[in-house]
Amino acid sequence: MFENLSERLSGVLDRLTRQGSLSEDDVKTALREVRVALLEADVSLPVARSFIKRVEKEATGQAVTKSVTPGQQVVKIVHDALIDTLRGEGDPGALKIDNPPAPILMVGLQGSGKTTTTAKLAKRLTHRDGKRVLMASLDTNRPAAMEQLAILGRQIGVDTLPIVKGEDPVQIARRAKTQASLGGYDVYMLDTAGRLHIDAELIAQAAAVRDVANPRETLLVVDGLTGQDAVNVATEFDDKIGVTGVVLTRMDGDGRGGAALSMRAITGKPIRFVGLGEKMDAIETFEAERIAGRILGMGDIVSLVEKAQETLEAEQAERMMRRMQKGQFNMNDLRGQLEQMQKMGGMEGLMGMMPGMGKMAKQVQEAGFDDKVIARQIALIQSMTKKERANPALLQASRKKRIAAGAGQEVSDLNKLLKMHRQMADMMKKLGKKGGRNMLKQALG
Ligand code: GDP
């Protein structure tokens, strides 16, 4: 999976990491090569473009960390961008199968691996999750396909709905539903008919089955080897039938892998599973982190940069602490604190950790101080000038009005913020004088 793309990307990035310093041109050149690698892997053009744009933006706005090279930082940025491009919402492997019997509708073109995937998932649900599963083939055009599912069922020890000649797909779906209820199954899987191309009849049939079964999940199976075509097929199926996720098959092959990267960005649908061979166990959930790691193969560098970033944050906290001790707690510092709070789960969380502030935390809570308030306060600080932030005592009534208006708030909101700043500054100074260095350090670190 992704061999070519992986080789190309790590080639480009490897060269970057070995350079001590990087000019903007170095980064640009490297990103051009990354872009070519993505396009050669059959990633769609708009996806490749926005990927590069994002990496470029972050690479230029990056705080410099001493202990890693700029190239290593670029690797981490590319890694994170890959994860974001690949990731859907929630856990891809968690199929919605509460309220038994839960119907799962399997759709896709003929030859995409739909029947194989149906059986693979049935096996997984049965043996890994301990569910009772019933499979039914709705491919009335191809008796061989119905027989194939029955054979797979016997092989993996999962029941299939007996084949009754002359029934249409909707009748089979109804019978599957009844059988699943009566037989106490947790899940029933409907393997719909496929065709070589999407046509009106195929869609009409899948839609009719969908309306009868009211599936909890509709999984579209597409052949990963078909690159951008897989994405087009997914777009069309989703428009016409509505799908809850995609299974990309044949990812064991030497396909170019572009479908995996374009799928969610273009269709908005997450890839849930990947098929990695013909065997019944050859299926994996599509975990963005793991896949990104496989594509880049530079896990060591990624964790190195993560550590360095943590260190950088610690250094910033240390610098702030020293300023506070000298009584230099200005609006920029307050803003830093507020941003830190946003990251750490709000005011209450942070104050609870600071010695002597438990009581204040309670007051803060009672005053209805939540994350929205924090965001509004940051907005107020942002509309001050640099000078005012360094020395809020400069603020006159007319400026206060402008600042409050600029942040879409009232002067009273600004006054509250200024009061809070004064109180915090006082407290910081006291703590500093009392030799509360360690206390502060503990609180901030
Ligand atoms: P359907 O027509 O969509 O139901 O496709 P099938 O399930 O019959 O699969 C068609 C062929 O693809 C079969 O030979 C499968 O063994 C094979 N196949 C399915 N999934 C995979 C996969 O993930 N990797 C590989 N290498 N082959 C697969």
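Rounded to whole numbers, the Karplus 3J(HN,Hα) couplings from phi for the range 234-241 are 5, 4, 5, 4, 5, 4, 8, 10 Hz, using 6.51 cos²θ - 1.76 cosθ + 1.60 with θ = phi - 60°, and x at Gly and Pro.
The residue list Ile283, Gln72, Thr116 was ranked by how far each Cα lies along the charge dipole of the chain toward its positive end, using unit charges on Cβ atoms, and Gln72 comes out on top. Kirkwood analysis of the range 12-124, using all unique Cα-Cα pairs, places the hydrodynamic radius at 17.3 Å. Simple spin-label estimate for Glu310 and Asp199 gives 5.9 nm between the two label positions (7 Å along the Cα-to-Cβ direction from each Cα). The spacing between the range 24-40 and the range 254-307, judged by their C-alpha centroids, is 21 Å. Residue ranges 388-395, 67-74 sort as 67-74, 388-395 when ordered by packing (mean number of other C-beta atoms within 10 Å per residue, highest first). For Val221, the amide hydrogen comes within under 5 Å of the amide hydrogens of Val107, Gly108, Val247, counting only partners 5 or more places away or on other chains and with H modelled in the peptide plane. Shown is the FRET efficiency for Ser67 and Glu339, computed with R0 = 25 Å from the Cβ-Cβ distance and rounded to the nearest 0.05: 0.60.
Compared with the dominant Cα axis of the chain, that is its longest principal axis, helix 299-325 is turned about 30°. Axis angle, to the nearest 10 degrees, between helix 114-123 and the longest C-alpha principal axis of the chain: 70 degrees.
For the range 376-407 versus the range 118-178, the spacing of their alpha-carbon centroids is 67 Å. The ellipsoid equivalent to the alpha-carbon distribution of the range 102-286 has semi-axes of 24, 18, 15 angstrom, derived from the gyration tensor eigenvalues as √(5λ) and listed largest first. For the chain, the 222 nm mean residue ellipticity estimated from helices alone, with every DSSP H stretch of n ≥ 4 adding -39500 (n - 2.57) and the total spread over all residues, rounds to -19000 deg cm²/dmol. For the residue pairs Lys123/Lys269; Lys76/Lys269; Lys76/Lys307, the C-alpha atoms sit more than 18 angstrom apart in Lys123/Lys269; Lys76/Lys269. When each of the peptides 33-46, 183-196, 88-101 is scored by the mean number of other C-beta atoms lying within 10 Å of its residues, the order from highest to lowest reads 183-196, 33-46, 88-101.
What FRET efficiency would be calculated for the residue pair Arg142, Glu236, taking the C-beta separation as r and a Förster radius of 22 Å, to the nearest 0.05? Plugging the Cβ-Cβ distance into 1/(1 + (r/R0)^6) gives 0.55.
Phi angles across the range 152-161 convert, under the Karplus curve 6.51 cos²θ - 1.76 cosθ + 1.60 with θ = phi - 60°, into 3J(HN,Hα) values of 4, x, 4, 4, 9, x, 10, 5, 10, 5 Hz, Gly and Pro given as x.
Taking all Cα-Cα distances within the chain, those exceeding 44 Å account for 36%.
Here, each number is a calculation from the coordinates, and none is a lab measurement. Note that the structure is a prediction, hence the values are computed from the model and not measured. Note that each Cβ is placed from the backbone with ideal geometry, even for glycine, and that neighbours are counted across all protein chains shown.
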